[in-house]
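Read-outs throughout are calculated quantities, based only on the coordinates presented, and are distinct from any laboratory measurement. Everything numeric in this text was worked out from a predicted model, so none of it was measured. Counting neighbours? That spans all protein chains shown, and the Cβs are built from the backbone with ideal geometry, glycine included.
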Amino acid sequence: LLLFTLTTTLFAQNYDETKAGSYVLPELLKAQNGKEIVSAEDWDRIRRPEILKLFEDNVYGQVPKDFDKIEFKVLEQNYKALNGKATYKQVAVDVIRNKKVITVQVHLFIPNKIKKPVPVFLTINHRGLDTMQASPENEFWPAEEIVNSGYAIAGFDVKDVAPDHKTDYVNQILTKLYPEQTLQPNGMRALGAWGWGVSRIIDYFETDKDIDASKVIVVGHSRGGKAALWCGAQDRRVAIAVSNESGNSGAKISRRNFGETVEVITRNFPHWFVPGYAAFANNEGNLPVDQHMLLALMAPRAVYVASAADDSWADPKGQYLALVAAQPVFSLFGLKTSLPANMPPNNEQVIQLPLGFHNRDGIHNMNLFDWKQFVKFADEYFKNNNKK
Ligand code: GTR
């Protein structure tokens with residue numbers, strides 16, 4: 001009994017707000033040499049690279065950028081998809097390095113009857129191809145709704161890049177393109193690999209005249225949301241990063257003891273992170289970063305954080321507080337946002353461009369309500385940037 005009580009106390013998640021604890025976040029605007037960062041230039045030149053490196057070394061690992069060749073092949077094209085409203089394309093993105101090749105399949109719907117090029121939602125999908133069927137029942141990936149809103153929608157299956165599995169994750173790009181990464185303590189891991197896939201698809205968008213590659217909105221749900229944020233942090237071609245319920249090691253403050261912890265996530269999903277991240281289990285206070293810094297790396301570009309009220313595992317409040325704590329970096333760019341200190345009521349969207357948030361009723365998932373908020377946010381952001 002003693003052992004049982006001991007283990008359940010040790011591993012139990014906290015869902016009691018009064019026990020979430022107090023914490024001091026690592027400073028966003030102080031460089032490692034003690035210099036205060038007071039301008040956007042110094043942020044870009046000094047602090048941003050420092051923070052990127054800290055995330056690389058301590059959390060997600062590197063994302064190699066070199067390869068020998070990239071090729072795009074349209075495998076299928078249907079001009080009359082969605083009852084004539086859209087053109088569907090399946091595109092194979094072949095990336096070659098040291099004579100080895102991997103292929104990422106992109107599924108893409110482009111609205112037919114509007115002026116091109118159009119902005120695009122690109123989803124990091126860990127739920128498999130079946131969840132990218134265009135059907136009105138498919139709220140997770142509502143192709144028709146998005147096309148009707150004047151956007152293209154694209155998606156890829158993460159397993160093309162790195163299967164979501166403890167040992168098999170190495171089976172695509174790590175074994176084939178970047179084998180040396182697996183030997184490095186801060187080498188590429190699954191979340192970084194998925195983000196690498198996003199970047200290669202943006203390479204493709206840059207060649208598709210119907211897509212406006214300056215308006216790419218990367219959307220990820222949960223583990224995909226973690227990958228979307230880490231990708232957006234690094235690849236400045238991402239205009240908006242949308243984190244849907246990314247939770248621990250995504251948008252949530254790691255130091256807040258509520259819901260999933262670093263201990264649980266590194267035990268269950270070691271392949272997402274560098275091995276050294278596990279050393280911060282029950283020791284989050286010693287992390288040289290916290291997740292508000294990841295959100296801040298998007299500045300001055302846009303970040304949208306979505307959560308669900310019944311998704312305590314992902315800690316809605318902890319995700320909101322990270323967004324609030326990221327604001328000083330946006331201010332450096334003259335974007336003086338003033339998010340309310342407390343999380344807004346359920347189902348109410350808060351937009352303080354370039355930041356946005358909602359916490360809808362319901363469970364851990366991505367649905368039509370979420371997508372409608374993403375569209376509203378993207379509409380406002382692009383309009384405001386005089387881009388749409
Ligand atoms: C959970 C994991 C979360 C989140 C989620 C998901 O099991 O603990 O961090 O990533 O899976 O991806 O749906």
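What shape does the chain have by the C-alpha gyration tensor, where a ≥ b ≥ c are the square roots of the eigenvalues, rounded means a/c under 1.5, and otherwise prolate means a/b greater than b/c and oblate the rest? Since a/c stays below 1.5, the shape of the chain is classed as rounded. Which of the three applies to the range 1-149, rounded, prolate or oblate, going by the alpha-carbon gyration tensor with a ≥ b ≥ c and a/c under 1.5 meaning rounded? Taking the square roots of the gyration eigenvalues as a ≥ b ≥ c, the range 1-149 is prolate. When the C-alpha to C-alpha distance is required to be over 23 Å, the pairs from LYS113/LYS215; LYS35/LYS65; LYS19/LYS166; LYS317/LYS383; LYS113/LYS159; LYS69/LYS166 that qualify are LYS35/LYS65; LYS19/LYS166; LYS317/LYS383; LYS113/LYS159; LYS69/LYS166. PHE72 sits among other residues whose Cβ lies under 12 Å from its own Cβ, and their net charge, with Lys and Arg +1 and Asp and Glu -1, is -1. Considering helices alone, the calculated mean residue ellipticity of the chain at 222 nm is -8000 deg cm²/dmol, with DSSP H runs of length four and up weighted by -39500 (n - 2.57) and normalised per residue. Let me know the shape class of the range 227-334, please: from the alpha-carbon gyration tensor, a ≥ b ≥ c as square roots of the eigenvalues, rounded when a/c is under 1.5, otherwise prolate if a/b is greater than b/c, or oblate. Taking the square roots of the gyration eigenvalues as a ≥ b ≥ c, the range 227-334 is prolate.
The angle between the Cα long axis of helix 223-234 and the main principal axis of the chain comes to about 80°, on a 0 to 90 degree scale. Relative to the longest principal axis of the Cα atoms of the chain, the long axis of helix 368-384 makes an angle of roughly 80 degrees. Note on the chain: antiparallel DSSP beta bridges, both residues inside, total approximately 50 percent of the bridges counted.
Straight-line cross-link partners of LYS73 among the lysines, defined as a Cα under 16 Å from its Cα and at least 8 positions apart when in the same chain: LYS89, LYS209.
Against the main long axis of the alpha-carbon atoms of the chain, helix 316-332 sits at an angle near 80°.
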